[in-house]
Amino acid sequence: MAGRVDALYFFLVSVTIFFSVLIASLEIYFAIKYRRRSKEEYAEPIEGSMKLELVWIIIPFVLSMVMFAWGASVYFALYRPPQNALEIYVVAKQWMWKFQHLDGQREINELHVPVHQKIKLIMATEDVIHSFYVPAFRVKADVVPGRYTTAWFEGIKPGRYHLFCAEYCGTNHSAMGGWVEVMEPTDYQAWMSGGATGTSFAALGQKLFRDLACNTCHRSDATGRGPVLEGLFGRTVTLQGGGTVKADEVYIRESVLNPRAKVVAGFEPIMPTFQGLASEEQLLQLIAYIRSIGPSQGQAAAMGTPAEEGSQGSGVVKPKPPGAKPLSAAPGSEKP
Ligand code: CUA
């Protein structure tokens, strides 16, 4: 994105310089040319000029519309992560950046990514607002308590790039930084296999799922009091009252912390909140687990590359008719 951001920026600067110089020069020139030459000289009224009016309406209008359209297109490209991106979870806390690759690698203040690979960051914070900022990539995104924010980038040249926190967050804010290391694919593979941590994020989530006793209600065989979570991730869920929602990170997080916000059709709002019982990092572990038992299981596990979202969203989790047996969520069995 750096080239696109810079081009727009230089355009804005050029337009600003051009008009600043033009206006300042004309002011000086006119001040001299039309200065009062004698005491008897008086200003004369000037008739309006339609031509002049039109010129200074139309030119700024066209220029500002160009800025608007150009700026909007860069903005949309920057803030809409592409579908085929490699997803990495980020947890910010005073004062460090924690990175979690889906297949288990964990890092602090260092992020290793392969070159020419779009990377999508799903970010949360344990405490205050931080801001993920890599100037070389022209990427800056706030990480806000209580929600997930995203950012994406693609390294096009191997190297180490400075990472900063760009939101004042306390005593060691200035030291809250690190490096993004963009690597050749072979180096990246070597790095991935080198520092294996043994336990994947999803496995930690699975353990947590049992520790928090989620599995007493969310059973895999549709006999539980809660919806089956196998095959859920990425699908569209029908809610009580008729709405639908896509089962993504945001929805799952909300359902854990505020279960009554969006109740799946056919179920009772009996789930207690887990607010305060799971940290943001643990919530991401739970999500990684639910994701790992989702429809994209095979692909996601194979390479750490999440399946494209488009391929997951085709199935719709249908509501359970009133009085019927609990929803069976075996993937494939609910295709309309
Ligand atoms: Cu984190 Cu400043």
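Readers should treat all values here as calculations from the given coordinates under stated rules, not as data from a laboratory. Treat the numbers as computed from the prediction; the structure is a model and nothing was measured. Cβ coordinates were reconstructed from backbone atoms using ideal geometry, including for glycine residues, and neighbour counts include every protein chain displayed.
Condition check ((1) in contact with a helix residue (DSSP H, G or I) (Cβ under 8 Å, 6 or more places away or on another chain); (2) without any contact (Cβ under 8 Å) to a residue 12 or more places away in the chain; (3) of a type outside the set (A, V, I, L, M, F, W, C)) across all residues:
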{"position": "ALA2", "(1), (2), (3)": "yes, no, no"}
{"position": "LEU12", "(1), (2), (3)": "yes, no, no"}
{"position": "LEU26", "(1), (2), (3)": "no, yes, no"}
{"position": "ALA31", "(1), (2), (3)": "no, yes, no"}
{"position": "LYS39", "(1), (2), (3)": "no, yes, yes"}
{"position": "PRO45", "(1), (2), (3)": "no, yes, yes"}
{"position": "SER73", "(1), (2), (3)": "no, yes, yes"}
{"position": "ALA85", "(1), (2), (3)": "no, no, no"}
{"position": "MET96", "(1), (2), (3)": "no, no, no"}
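Residues of region 206-216 include none that is within 16 Å of the ligand (Cβ to nearest atom) and surrounded by fewer than 15 Cβ atoms within 10 Å (Cβ to Cβ).
Condition (residue is without any contact (Cβ under 8 Å) to a residue 60 or more places away in the chain, part of a loop (DSSP other than H, G, I, E, B), exposed (fewer than 15 other Cβ atoms within 10 Å of the Cβ) and not hydrophobic (A, V, I, L, M, F, W, C)) applied to region 242-251: is it met by at least one residue? Yes: one or more hits.
Only a single criterion out of (1) crowded, with 20+ Cβ neighbours inside 10 Å; (2) touching a His at 6+ places or on another chain (Cβ under 7 Å); (3) of a type in the set (Phe, Trp, Tyr) is not satisfied by TRP179, namely (1).
In region 149-168, the qualifying residues are those that are under 29 Å from ASN258 (Cβ atoms) and surrounded by 21 or more Cβ atoms within 10 Å (Cβ to Cβ), and the one that is farthest from the ligand (Cβ to nearest atom) is TRP152. Considering only residues in region 129-138 that are within 24 Å of TYR251 (Cα to Cα) and over 13 Å from the mean Cα position of the chain (by Cα), the one that is farthest from the ligand (Cβ to nearest atom) turns out to be ILE129.
Restricting attention to region 71-90, does a residue exist that is away from the ligand (no atom under 16 Å from the Cβ) and more than 30 Å from PRO145 (Cβ to Cβ)? Reasoning before the result, please.
So the first thing to find is which residues in region 71-90 are away from the ligand (no atom under 16 Å from the Cβ), and the list is 71-89.
Within this subset, residues satisfying the condition of being more than 30 Å from PRO145 (Cβ to Cβ) are 73.
Yes, some residue in region 71-90 is away from the ligand (no atom under 16 Å from the Cβ) and more than 30 Å from PRO145 (Cβ to Cβ).
Restricted to region 131-140, and to residues that are in contact with a Phe, Trp or Tyr (Cβ under 8 Å, 6 or more places away or on another chain) and in contact (Cβ under 8 Å) with a residue 40 or more places away in the chain, which residue is surrounded by the fewest Cβ atoms within 10 Å (Cβ to Cβ)? Top of the filtered list is ALA136.
Going by the conditions given, is THR171 more than 16 Å from the ligand (Cβ to nearest atom) and surrounded by fewer than 17 Cβ atoms within 10 Å (Cβ to Cβ)?
Numbers: more than 16 Å from the ligand (Cβ to nearest atom): no; surrounded by fewer than 17 Cβ atoms within 10 Å (Cβ to Cβ): yes.
For THR171, the condition - more than 16 Å from the ligand (Cβ to nearest atom) and surrounded by fewer than 17 Cβ atoms within 10 Å (Cβ to Cβ) - is not met.
Residues are listed down the side, and each one gets a yes or a no for (1) within 16 Å of the chain's Cα centre (by Cα); (2) basic (Lys, Arg):
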| site | (1), (2) |
| --- | --- |
| PRO81 | yes, no |
| MET96 | no, no |
| ARG106 | no, yes |
| ASP127 | no, no |
| LYS140 | yes, yes |
| TRP152 | yes, no |
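Among the residues of region 93-110 satisfying the criterion of being more than 15 Å from the ligand (Cβ to nearest atom) and part of a strand (DSSP E or B), which is surrounded by the fewest Cβ atoms within 10 Å (Cβ to Cβ)?
Keep residues of region 93-110 that are more than 15 Å from the ligand (Cβ to nearest atom), which gives 100-107, 110.
Imposing the further condition that a residue be part of a strand (DSSP E or B) reduces the set to 100-101, 106-107, 110.
Working: GLN100: 22, HIS101: 20, ARG106: 16, GLU107: 18, GLU110: 13.
So, considering only residues that are more than 15 Å from the ligand (Cβ to nearest atom) and part of a strand (DSSP E or B), the one surrounded by the fewest Cβ atoms within 10 Å (Cβ to Cβ) is GLU110.
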